[in-house]
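Report on the structure given below.
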Amino acid sequence: MRGWSAQQTRAGSPSGAELVAYGEGSEEGGNVAASLLLSEHGRPWALHGRRPSALFVASDVQAIGAIYACYELGLRVPEDVAIVSIGGTRTAAYTIPPLTTMRQDVEYVATTGTAHLLKRVEDPLEAPQHLRLRGNLVLGHSCGC
């Protein structure tokens, strides 16, 4: 969230709480959160007079719900709203349009996270506070690239 907010500020774009919606980690959660942001009565409309042109979604599963919210609102992905998610699930390739997603290797994340946790338990002062995990961007068509 801090990275997104900092980038929005650098770009001269708004980055307030009204541009963030949280939902449960399901298709329905993604649908509800996207609807809060994109509907004509949504939060961004109230403060900025327009809907967001892009969504960054926390998981591929939630992104499926966000794509459906766009469909329900008569919005085209990516022409009206670009969507990018995190996950890299096989399902991402079968959405319409196919999702652009940041794929992270589950084994790598689990191994790295566990090693970091053990190091923090052994020596909390020496272990870094944050981890930077690698991944690879899988370009679908949902981002408009």
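The values are calculated or read from the model by the stated rules, or taken from the named source; none is laboratory data. What you are looking at is a predicted structure, and each value in this text was computed from that prediction instead of being measured. Ideal geometry is used to build each Cβ from the backbone, glycine not excepted, and the neighbour counts take in all protein chains shown.
So the check is Cβ under 9 Å with 6+ separation or different chains; which pairs have a first residue in the stretch 93-108 that's over 18 Å from Leu133 (Cα atoms) and a second one that's among the acidic types (Asp, Glu) and surrounded by 14 or more Cβ atoms within 10 Å (Cβ to Cβ)? Note: pairs meeting the criteria are Thr95/Asp60; Leu99/Asp60. Among the residues of the stretch 94-101, are any hydrophobic (A, V, I, L, M, F, W, C), touching a helix residue (DSSP H, G or I) at 6+ places or on another chain (Cβ under 9 Å) and closer than 20 Å to Gln8 by Cβ? No, the conditions are met nowhere in the stretch 94-101.
Do we find that Thr111 is part of a helix (DSSP H, G or I), of a type outside the set (D, E, K, R) and closer than 22 Å to His130 by Cβ in this structure? Against the criterion (part of a helix (DSSP H, G or I), of a type outside the set (D, E, K, R) and closer than 22 Å to His130 by Cβ), Thr111 qualifies. Being more than 20 Å from the chain's Cα centre (by Cα) and not acidic (Asp, Glu) holds for only one residue in Pro78, Pro128, Pro98, and it is Pro128. Might you let me know whether the stretch 72-90 holds any residue that is over 25 Å from Arg2 (Cα atoms) and in a helix (DSSP H, G or I)? Within the stretch 72-90, one or more residues are over 25 Å from Arg2 (Cα atoms) and in a helix (DSSP H, G or I). Tell me whether the stretch 118-125 contains one or more residues that are of a type in the set (A, V, I, L, M, F, W, C), part of a loop (DSSP other than H, G, I, E, B) and over 20 Å from the mean Cα position of the chain (by Cα). Yes - at least one qualifying residue is present in the stretch 118-125.
Is it true that some residue in the stretch 39-59 is farther than 14 Å from Ala17 by Cα and part of a helix (DSSP H, G or I)? Within the stretch 39-59, not a single residue is farther than 14 Å from Ala17 by Cα and part of a helix (DSSP H, G or I). Screening Arg43 on (1) surrounded by 21 or more Cβ atoms within 10 Å (Cβ to Cβ); (2) at pLDDT below 95 shows it passes everything except condition (1).
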